[in-house]
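Data first, discussion second: the structure below is written as structure tokens.
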Amino acid sequence: MAISSPQGLRQRKLSHSSTNDGLDHANGSSPCIIVDEPEKSLPAREEVVWGKTPDGQVFRVPTTHDVLTLFHPAHPKSHLDILSLTLLGLQLVLFALLPRVVSKGFFLFYFVFWRSAYNAGLGWVLTKQSKRKWIVKEVQRLGWLDEKRKPAIRRWIRAQLAGKMGKDYSFDDLPVEYNIWLLFRQLVDVILLNDFLAYCMFAFACFRVPEGLSFPIHILRWIGGVALIVFNLWVKTEAHNVVKDYGWYWGDCFFQRGALIFDGVFELAPHPMYSVGYAGYYGLSLIVGSYPVLFVSLTAHAAQFAFLLFFENPRKPDHISVRLVSKIVTDIERMYGKRKPIAVRKPLFPLSTSKARQQKSETDTSHEDSAHESSTTPAATEGETASESELETETETDSIATPKGNSRHTLDGPFVHTSKRGLSKTSSSRLQVSEHDLYNKYFRRDAVILHNIDLFRSSDSMLVLLVFYLSVASFLPVMSHRATLVLHFAHACVWCIFHSFGLGLLLRAQSRSKYIVRHFLKNYHYPPNDNGGAAVQEAFTNWKGIYNLSMCMTYLSLGGLAWKTYTLPEMWSEGDALLCHTLGALLIGLHAWAARESYEVLGVFGWFYGDFFAEDFPAHLEYTGIFRYLNNPELMSGTSFLGLALISGSKLVGSLAVLRFLCHWWFLRTVENPHMRKLYGDSLRKEAGFVKVIKNVASKNARLLESRAGRHAPEIRRVAKEVKGTFDKVFEETADIVEEFLAKSKPRISEVVQETKVLLQQSRERLIITRVANDLSSCDVAKYKLSIYSNQANTKRFHLGQPIRVQWQAPQGHSRSDWIGIYRVGANKSTLVTKTSSFGMWQPVHEEEWDGEVPLGTPRPSPDGPDPETGTVVFDGSALPWTIGQYEVRYHHDGKYNVLSLDGPFEIYVERPKSLDFDSIRECLTRIIPLCLDSDPSLIPLSCGGTAEASSDSDSTADTRDPDDFSFWSEKQAKRISTAIEKAFDLEYAPEVVMADANLTALANRILVSKQLLVTSE
């Protein structure tokens, strides 16, 4: 019954007259038109549905009957139908005989059993069938449909199927996949029907009339319950009418069938059979008035959604051809739709439309020029809005722009800022607006609730603080006055330390390695034609917001502590209360004056430490205003702390003032002064005016005192020098201790971090071995061999992403479940047993003997001769190691972790460019990108040997595609490119940045600009 070459998976038999009409039209003759003749009824057209097996066999799908025919007395019953009816009847008998209390427990357990068989059992079996055709392979392995191996079972299966089907069914002519599906659906009927009836019996066993409700509420409860049940039945019926038995019984896991249109109830809600199709559960819960039934319904519905999540959504048949309604955007489209790459630049306007629009624009322009020549008065319609072509020009991709040089810095090797390579297309092809470029223009890792939070962005930092403070304020218990003071003191100390040490360390990292700018270059996409100015600007803008936030919170936390500790004096004239308030107010005013004077001199640029970021901004030293007298007037910020300590009379505020002075002293000595010396060198003055005056006065007074001291002058001079030396010594020793602590702690911290990374790597690789063969006496280890094929340079060095071919040798009759894995050298101390995970870097020796990661356990074949069996496995894609280093390959026995042979080490490396110019960088990328994209011709750039037909949905996309554009199947491939760039160029880019560029030239320009921008830190 198999048909070799149908025109499609769905055909209709047309009447003879229709065929003749079509021939007449084909021959060019006009159709006859009969006027005033009554229309004759045409015979109904017979619909023919075709199916196709995974091996390409096409067959006519016979007519099937739904599950309701099981209860039709005149319809034939199979043995499985009889079993199902028997189990259903047994449930009814038990419900009638068992006491109510026993019925609740029994039917609850019974329902859990059938629900588990449905969601867990069928989900597991169907997942294996969808991925590996496991059910079909098992039936074939057991020989149930083989007339020679198991004739009795085959006859029984044939009788069960043929008895329930119509006249158009032929067991012998239909493919084995279809017959197995028919047998499988009978098993599904057993599970589904018993699952449904067990739930109903449990619900009826829990029936009660809720107390405390009025009669109208009971009426509404029953009406609502019945309405939900009726709605449930309608949804299931409509869904079955749409997907037919083929979709109802997961026929797409066995064969392909056309003529599916997901409309009707599938436009009502996503996954109606699993979502609103379970409304009857809640309707029956309303009717029986039982909370246990409601909670069991919720649990069963959640299990059904788990079935949807872990089986229905992940399965994607490779060859399903289904016609979809364009307005339906559900998971069904993802399941049956074509696999689409991401980061594809598909023009919003087709090329033909753009050309027509351009020709129309040229025509209109020529007409306008003619009109202008004939008349000196301009037309009223000459003022036009922005055209679509202008929109394309404004939103064009910036990735092809070339960076300009920076006169302040140079690298070892010339910077070449432009190249015609990769831009063979006309400029109009890159002016095409694509959704990909528009998306990356308007969306840049935006925070969605708390997802994509970046604390280097001031807005995100404020959001986190707001959420934190509101959460603390909501859940903070009532505390005593002492506990409140401790909390406010700790809060003020945290902000004081963060403002000086936290932001200070951040600024020092920015001064040394442009840490903040690197962060934004790594995580955000910028047009490469701005020489990195956008990254610097955004880094500086967010720094200003964070610095201003920290300063405000520092003084607010101080004010809150002072307010909590302040007590209004009862007698102002007695004691020192008035004096402390006066001095405190003066000190606060002094701080306010000093801050204002400093801002007047520094301006907004110096106030926010702009010279740490903007190197192109003109910066020069000016000792004017308050800086004429003091080198660091910022130290006077501690006077407000001291003033509030005097006013509040609190030791806590006084301690905070001391802490503030020490923190700011550390900031000046460790962060600001080294950066100023780095920028201005010897032009920095050593002493300010105030210090000079004090020293001069002290020197004059010392000479005057020395002249009057007479013979005691040498002794006084000696004491003065000792005191001065003591203070200098204490100051220097304190500074040295702090510096020594930081210097010693840095390598130790780095060592701890490195050891932590190693431990995490080892714990990630560590694996508890449960599959180890205890007896290997039958295996001659000497006959197992592994050999890694050398690369083109005849070395065992492979570029990151380069496929690795391994030749294996094993004796005849070896286990069909043997496998080979790649491991980091040193990860396994033993050469006999592997104790770490391969993380997917493995290949089976015989792939057909494995079901995913589980060996099928096929019996070993008998040896054909003394010669060993050899073969080759290829590691590529996700089976490759994507981290540079030394690795080895291991041959494992019988799906376990016993090592029979190994070879290595071999090295995974990334090629670095010879020089930092555009051509070298681009040449390096032309090797990295194809390898990271698995050398898939539909993904790699055309300039690297890619093809256009698989990556384009239309001819217009292929015509406008830039030769350097590339795309991805998943973000994992973009992460590979990021890793390779980090190793090759010492630059870190987030995968989102690579995906936003998705162009060879644009990525090369980005790397060039980044290296140029960060050259001072290298």
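The values are calculated or read from the model by the stated rules, or taken from the named source; none is laboratory data. It should be emphasised that the depicted structure is a prediction, and the values quoted were computed from it without experimental measurement. All Cβ positions, glycine included, derive from the backbone under ideal geometry; neighbour counts span all protein chains shown. Quick note on the areas: whole protein, heavy atoms, side chains included, nothing else; ligands and nucleic acids left out. Shrake-Rupley method; radii C 1.70, N 1.55, O 1.52, S 1.80 Å.
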(request) Determine ³J(HN,Hα), in whole Hz, for all residues of region 549-563 in sequence, where each value follows from phi through the Karplus function 6.51 cos²θ - 1.76 cosθ + 1.60 and θ = phi - 60°; x replaces Gly and Pro. (result) 4, 5, 5, 4, 5, 5, 6, 5, 5, 5, x, x, 5, 4, 5
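Accessible area, 1.4 Å probe, largest first: how do R149, R890 sort?
Values: R149 120, R890 0 Å².
Result of the area sort, largest leading: R149, R890.
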(request) Quote to one decimal, in nm, the extra length available between S459 and F171 on full extension: 0.36 nm per residue of separation minus the C-alpha distance between them. (result) 96.8 nm
(message) Between V101 and K829, how high is the FRET efficiency from 1/(1 + (r/R0)^6) when r is the Cβ-Cβ distance and R₀ = 60 Å? Nearest 0.05.
(response) 0.50
(message) Taking a ≥ b ≥ c as the square roots of the Cα gyration tensor eigenvalues, with a/c under 1.5 meaning rounded and otherwise prolate when a/b beats b/c, else oblate, which class fits region 175-260?
(response) oblate
(message) Could you give each residue of region 644-651 its phi-based ³J(HN,Hα) in whole Hz, using Karplus coefficients 6.51, -1.76, 1.60 with θ = phi - 60°, and x for Gly or Pro?
(response) 5, 5, 5, 5, 7, x, 9, 5
(request) Report ³J(HN,Hα) in whole Hz for each residue of region 988-998, in order, from the Karplus equation J = 6.51 cos²θ - 1.76 cosθ + 1.60 where θ = phi - 60°; Gly and Pro get x. (result) 9, 10, 5, x, 4, 5, 5, 5, 5, 5, 6
(request) Tell me which residues come under 5 Å, amide H to amide H, from Q256 once H is placed; ignore anything under 5 positions away on its chain. (result) K52, T53
(message) Name the residue from L561, F489, L506 whose Cα lies farthest towards the positive end of the charge dipole of region 486-579, charges +1 on Cβ of Lys and Arg and -1 on Cβ of Asp and Glu.
(response) L506
(message) Let me check the size of region 146-225 from its C-alpha atoms; what are the radius of gyration and Dmax in Å?
(response) 23.1, 71
(message) If you count only protein heavy atoms and use a 1.4 Å probe, how large is the accessible surface of H436, to the nearest 10 Å²?
(response) 30
(message) Students often check this: by mean Cβ neighbours within 10 Å, which of 67-73, 535-541 ranks highest, and how do the rest follow?
(response) 535-541, 67-73
(request) Report the calculated FRET efficiency for E615 and K914 (r = Cβ-Cβ distance, R0 = 35 Å), to the nearest 0.05. (result) 0.80
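Taking the Cβ of I977 as the center, what net charge do the other residues with Cβ under 13 Å away carry, scoring Lys and Arg +1 and Asp and Glu -1? Intermediate values should be presented prior to the final figure.
Working: positive: R927, K972, K975, R976, K983, R1006; negative: D934, E971, E982, E988, E992, D997.
Net charge around I977: 0.
So between D263 and H481, what do we pick up on full extension, going 0.36 nm a residue minus the alpha carbon distance?
Numbers: separation 218, 0.36 × 218 = 78.48 nm, distance 6.68 nm.
Residue separation times 0.36 nm, minus the Cα-Cα distance, leaves 71.8 nm.
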(request) In whole Å, largest first, what are the principal axis extents of the Cα atoms in region 227-286? (result) 41, 20, 16
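Quick one: grab the alpha carbon gyration tensor of region 781-842, order the square roots of its eigenvalues as a ≥ b ≥ c, and give me rounded if a/c is under 1.5, else prolate or oblate depending on whether a/b is larger than b/c.
Note, shape of region 781-842 comes out oblate.
So how do W114, W607 rank on accessible area, 1.4 Å probe, biggest first, that is with the largest at the start?
Working: W114 25, W607 65 Å².
Accessible-area ranking of W114, W607, largest first: W607, W114.
Would you please give the FRET efficiency between R669 and L579, computed as 1/(1 + (r/R0)^6) with r the Cβ-Cβ distance and R0 = 41 Å, to the nearest 0.05?
On the way: r = 34 Å, r/R0 = 0.83.
That pair, R669 with L579, gives E of 0.75.
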(request) Report the label-to-label distance for T872 and A227 in nanometres (one decimal), using points 7 Å from each Cα along the Cα→Cβ vector. (result) 7.0
(message) Testing the spin-label approximation: label points 7 Å from Cα along Cα→Cβ at F310 and L662. State their distance in nm.
(response) 5.6
(message) Give me, ordered by chain and number, the residues 5 or more places off F349 or on other chains with an amide H under 5 Å from its own placed amide H.
(response) V433
(request) Could you please state how large a percent of the accessible area of region 103-240 is carbon and sulfur, counting protein chains only and using a 1.4 Å probe? (result) 69
(request) For L902, enumerate residues with amide H under 5 Å from its amide H, sequence gap 5+ or separate chain, H modeled in the peptide plane. (result) L786, Y891
